[in-house]
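Below is one structure, written out as structure tokens; the observations come after it.
The values are calculated or read from the model by the stated rules, or taken from the named source; none is laboratory data. Keep in mind that this is a model prediction, so the values were computed, not measured. Ideal geometry is used to build each Cβ from the backbone, glycine not excepted, and the neighbour counts take in all protein chains shown. With ligands, DNA and RNA removed, areas are computed over all heavy atoms of the protein, side chains included. Shrake-Rupley method; radii C 1.70, N 1.55, O 1.52, S 1.80 Å.
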Amino acid sequence: MSALSPKSGSPADCAVTEGHVGLPVLDPPPTAAPDTGKTKNGEWQPYIVGFACNWCTYAGADLAGLSRMQYPPNMRLVRVPCSGRVNPQFVLRAFQKGADAVLVAGCHPGDCHYGTGNYFTRRRFLLMQRLLTFMGVDPRRFQARWISGSEAPKFRDVVTELTEQVRPLGPNRLWREVEP
Amino acid sequence: MKRIGVFVCHCGSNIAHTVDCKQVADEAAAMPGVVHAQEYKYMCSEPGQVLIQEAVKEHNLDGYVVTACSPRMHETTFRKCAGRCGLNPYMVEQVNIREHCSWVHADKEAGTEKAIDLMRMGVAKVLKNEPLKAATIPMTKRALVIGAGIAGIQAALDIADNGFPVTLLDREHSIGGRMAQIDKTFPTLDCSACILTPKMVEVAQHPNVELMTYAEVESVGGFIGSFDVTIRKKARYVDTKRCTGCGACIQKCPSKVPSEFEMEMGPRKSIYVPFPQAVPNKPVIDAPHCRYLQTGKCGICKKICPTDAIRFDDQDEVVTERFGTIVVATGYQQFDISAYEEYGGGRIPDVITGMHLERLLNASGPTSGKIKRPSDGKEPKNIVFIKCVGSRDEAKNRPYCSKTCCMYVAKQATLLKEKLPASKSYIFYMDVRTGGKNYEEFYRRTQVDYDGHYIRGRVSKIFQVGDRLIVRGDDSLLGRPVEIEADLVVLAAGMDPQHDARELARTLGIAYDAHGWYTEAHPKLKPVETQTGGIFLAGACQGPKDIPDSVAQGSAAAVKASALLTKTELTGEPMIAQCNEAMCSGCGLCVTICPYKAITRQPKQERIHGKMRERMVSTINSGLCQGCGACTVACPSSAMNMGGFSDEQIMAEVDALCQR
Amino acid sequence: MKELHNVNVAMRTLARELLESGTVAGVYGWKKGSRPTLTSPLYIQDAAKADRLAYDQYAVSNLSALLLDHRNNDKKRAIFVKGCDSRGVVRLLQDQQITPEQVLVIGLPCPGMVDEAGSLLTKCAECRFPNPVMADQVLGGVEVSKQPSAPTGVTAEAARKVGVGSRAGERMAQVAQLEGKTAAEKEAYWAEQHDKCIRCYACRNVCPACNCRDCIFDTEKKGWVSKAATSSANAFFAITRAMHVAGRCVDCGECERVCPMDIPIMTVNRKLQQDIEALFGPYDAGVDETVVPPLGRYQTDDPEEFL
């Protein structure tokens, strides 16, 4: 997708021309791209990218839907086969592209559909969390959780908590790509 | 650029109620690459699918996105739909705007906004999709069952009855396993041999079954459909083709050895069959104990054999054979009581284990079924059973319940009372666990009708005073110490994995837990499958089990194996790892991380600096790979990628979500 | 350096013999550079050039990554190694980039490397493995040891005097100092460091753990990250590089030494080492090639923080 594609739904931030090529106005700080989180009634909303394994967390989120649980609309889930498929580089990518927080979620260790995937996830992200914190990232902005296919309430609570934890932190501009 | 279609489903009002589907479709239509966007009430319905198929043809679509319910619900539906109109099914992505959106966000504005983001994510992904095709792998129509206890026998019989050739392998020289050692079975008190022997004979005579006893698996190569198994057939020193099993050699053999089968309570010869009903009923020579083989003097068996079947120059034979599937039924071994110093550590002759008592109870056992205690051959009067020896004991690293001891103790107490009406059994227990059909009733009878005296508590010490054993313990219900003068103590030793279970697991490439029990693919839904395709589990090798459970699992594993054997080729998973060999360094980081052993380093011929050279690259076995993607992250150079969830696809999704 | 006189003679003799006899096709070592305080890498294939070999307290370069040039070549190469260099060789062996048949490792005693002013390099003061962890042969009486140990061989006394390993216990000091800062301070500190990066990849090129045939920072096709040296892309590079060598970094410190922009790369590597030890137990990469690196294995009872 073109980096110049419009921020649909937030006309205040861009001028929409025909053909949907919008140019950001010079509102955001010159060093960072516009904040991804949208303003609703003038209030900034955190924008969270979640990576969910197909077998547990994605299923848990499905169950939350089937149970008509309500939670904040701030997270978008990317479906992956296993939390072990989540490359730390995807996490960095999300921050670069404007996510205010990232969640990696999968089956509880011992319940991995593929047997061992999430044990590696656990090692990898325990380490990455510490490294990101060391580099000044607020630990609330990058979290990992085990959410099983039956833990719909946990999924709801994790999304809700994460949204509320990130809200006071404001938009994440660290490592944000500068738009050309 | 690909030509993409977007189909927005209302799901009746399930989605449309809180998501402005028209706005989603309008936004989609405006996206680069999207040449057609449309909404409809029920996309999964027949008219909905027809609508998709017509649009694919009319707009010459390369792929499409369905924004609807969860892909866990209808991904297959929409993939098949694509297949019917000539599109590769993997050129389809479904995004979830129902479970993840309309049902969980009441605010229509926020819901619509999120639905649009998810739609954009789907479009971004499908633009990077590549057509995928499942690989096929040939199936060798032949099964191997490792371990010929009751679980393995049952599995082999069922596979054979399904019409497939099966090789039943055991490292002992008779089939039968632990069940052959047991006297009677709970809760019916059938004679164990009486129900087992017919099965042993049946399996041995089955035209589809090849028995391979006194043989061990040395290595396993290949994968589902074509496992190449190297088997060491141990030297028997007896030509089984010539031997008639007359037993003359056994009678005349001068060297006596404690019988393993009889728990070393009776002798066997150096040339022997382990028990009278053994199958095959042909002896082998135990080389380390054979006078001729050790000293070159003796050879009586050879002289006396009427068919000249003795072969002192026999050698181990190593063969490699191909099987399509493997059932592992290697069973358990009894916990070694020497770890319990407080119970004498196995050094007090009259402190025996459950299996010892089985042999003492058995009519063909070392005492011909007379209950004689090992030290002096006296009939015991007071018998103490101690349960959970090597079970439910964290200190001995056996936190698990061995599941069978409660019942076998009840059975043995009952049998003792029948044989020795004047005797009295005292049973120390932690809990009595008798889940199972007619098990609780049996336990009640032991207490009520057979005078079994159950004492809740742990025994702290056993020591000898004269010819009696003082058992000191604690009655935790009464809250006071108890001391019993016993003539015989039976430790209800639990089940341990076979001492070499881990080694075999590594050979097979299957997982095991901290204790060495083999790990099933899913604790509830895949109880006999392993993580390795084509290898199944039956019986106690997976965890403590009694006979009915082992038989049930044997049959279950046989069904799984037979289902594979019905196929001439297997269709693999299309969404699997892909290695870019040009980029691969052959470092092997992916090899160790793969749970399916699907990756091997293989030589690749390549022109490097003008010369043909060989270098190692990772190669994926499309029959083994299940598409977890672990290797893709282990690979620092991203040479390893995954169809359907490629780096490019996931990056595009992240970008699309964020750049809005 | 007088203690090393005989070692230098022996190096030249050995190299000459190895090349003349055809035992090896080439020898990696060092030569004296344009200044007395410069001892730079040397690769010779000709026995006649063996006399150019030199080794002293300025021979800081870790030559192990150079073996990658021959990774698909059957011929054997000899390489002279200090303690830190030997771990690089183990790294390449464990990563299966070279085979034991392709390399002849000759261990040398390390006197401790010094800078132009003659003061001991920080990495040497913090060194835990001054002796080769593996070698086919040794010179100068150095002892092979897979355990952290004190310098051995003819330069043992000299090394002790200059303080090789004397600050091994304080090697996490810089990490601890940064950990003590506030999030805003850390962010500012690293932003400044990342902004300096010119993406020359010198750190990667010298690193024995960065042994991919195709580095993701070279291949445009996948599009992991822009090649432009922006703050964002530089941070992606720094973190990704660190994660790729996490549990595999052999602690030779070459990345930081060769960085023209003085970015404290080893601080990041050390931070990961420290966390790996705390989370998954003691591990020294590039010491025992039979032990799989920590991110390639797991324990079912690893620390749990994601509940």
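Data overview
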quantity	calculated
Amide H within-cut-off set for B:Ile608, under 5 Å, with H built and near neighbours excluded	B:Arg613
Long-range HN-HN contacts of B:Tyr400 with modeled amide H, under 5 Å	B:Arg392, B:Asp393
Derived scalar couplings ³J(HN,Hα) [region B:392-403; Karplus, 6.51 cos²θ - 1.76 cosθ + 1.60; whole Hz; x for Gly, Pro]	6, 10, 4, 5, 9, 6, 10, x, 8, 8, 7, 6
Compactness of region C:60-109 - radius of gyration and Dmax, Cα, Å	9.9, 30
Amide H contacts under 5 Å for B:Val238, placed H, 5+ residues apart	B:Ile285, B:Arg311
Alpha-carbon Rg with Dmax, taken over region C:208-307, Å	15.2, 43
Table column - 3J(HN,Hα) (Hz), region A:134-144, Karplus curve with 6.51, -1.76, 1.60, x for Gly and Pro	4, 8, x, 6, 5, x, 5, 7, 9, 10, 10
Modelled label reach - B:Lys57, point 7 Å along Cα→Cβ, region B:66-95 residues with backbone N closer than 16 Å	B:81-88
Convex hull projection area averaged over all views, region B:577-643, Cα basis, nm²	4.2 nm²
Accessible surface of region A:44-169 [probe 1.4 Å, protein heavy atoms]: carbon and sulfur percent	53 percent
Percent carbon-and-sulfur accessible area, region C:113-240, ignoring ligands, DNA and RNA, probe 1.4 Å	52 percent
Surface/4 estimate of mean projected area, convex hull on alpha-carbon atoms of region B:517-646, nm²	10.0 nm²
P(r), alpha carbons of region B:419-527 - 5 Å bins starting at zero, rounded %	2, 9, 13, 14, 14, 12, 11, 11, 9, 4, 1, 0
Using a Förster distance of 41 Å, the FRET efficiency for C:Arg128-A:Glu43 (Cβ separation, nearest 0.05)	0.15
Bins of 10 Å, starting at 0 and running to the largest distance - Cα pair percent for chain C	6, 26, 34, 24, 9, 1, 0
Accessible surface of region B:4-127, 1.4 Å probe, proportion on carbon and sulfur as whole %	50 percent
Value of relative contact order over region B:334-495, rounded to a whole percent, pairs C-alpha under 8 Å and six or more apart	31 percent
Kirkwood Rh, Cα atoms: Rg over Rh of chain B	1.10
FRET efficiency, C:Tyr189 to B:Asp107 (Cβ-Cβ, R0 51 Å, nearest 0.05)	0.80
Solvent-accessible heavy-atom area per residue, rounded to whole Å², over chain B at 1.4 Å	40 Å²
P(r) histogram, all alpha-carbon pairs of region B:334-495 included - 10 Å bins from 0, percent	11, 43, 38, 8, 0
Between region B:223-301 and region B:516-542, the Cα center-to-center distance that results, in Å	33 Å
Beta bridge orientation in region B:406-481: antiparallel %, DSSP, nearest 5	65 percent
Spin-label pair B:Glu202/B:Ala29, simplified geometry with 7 Å Cα→Cβ offset, distance in nm	6.9 nm
Karplus-derived 3J(HN,Hα), 6.51/-1.76/1.60, for each residue of region B:528-543, Hz, glycine and proline x	10, 7, 10, 5, 8, x, x, 10, 10, 10, 9, x, 6, 5, 8, x
Accessible area in square angstrom per residue, region C:7-169, 1.4 angstrom probe	39 Å²
Rounded Å value of the spacing that divides the Cα centres of region B:478-498 and region C:92-135	61 Å
Rounded D (µm²/s) - region C:141-266, Kirkwood Rh over Cα pairs, Stokes-Einstein at 20 °C, 1.002 mPa s	126 µm²/s
Whole-number Å³ per residue for the convex hull built on Cα positions in region A:54-127	94 Å³
Cubic angstrom per residue, convex hull over Cα atoms of the protein assembly as shown	233 Å³
Accessible surface, per residue, of region C:172-296 when the full set of protein chains is kept, probe 1.4 Å, Å²	38 Å²
Hydrodynamic radius of region C:118-196 per Kirkwood, over alpha carbon pairs, in Å	14.9 Å
Heavy-atom accessible surface that A and B bury in contact, both chains counted, 1.4 Å, Å² to 100	4800 Å²
Cα pair count fraction exceeding 16 Å, expressed as % - region B:236-312	44 percent
Virtual spin-label span in nm between B:Lys133 and B:Met73, 7 Å along Cα→Cβ	3.4 nm
Förster radius 51 Å - calculated FRET efficiency between B:Leu477 and B:Lys524 (Cβ-Cβ, nearest 0.05)	0.90
Percent of Cα pairs exceeding the 18 Å cut-off, where the set is region C:1-156	55 percent
Whole-number D in µm²/s for region B:83-200 (Stokes-Einstein; Kirkwood sum over Cα pairs; 37 °C, 0.692 mPa s)	162 µm²/s
Accessible area buried between chains B and C, both sides summed, probe 1.4 Å, in Å² to nearest 100	1900 Å²
Over region B:555-630, relative contact order from alpha-carbon pairs under 8 Å, at least 6 apart, %	36 percent
Region A:44-169: projected area of the alpha-carbon convex hull, averaged over directions, in nm²	7.0 nm²
Region B:31-54 and region B:147-176: distance between their alpha carbon centers, rounded to Å	54 Å
Around B:Leu196: net Lys/Arg minus Asp/Glu count, Cβ-Cβ under 11 Å	0
Relative contact order for region B:236-312, counting Cα pairs under 8 Å that sit 6 or more residues apart, in percent	40 percent
Those residues of region B:49-70 for which accessible area with every protein chain present is at least 10 Å² below the isolated value (1.4 Å probe)	B:Ser70
B:Thr244 versus B:His499: modelled label distance in nm, points set 7 Å from Cα along the beta carbon direction	3.9 nm
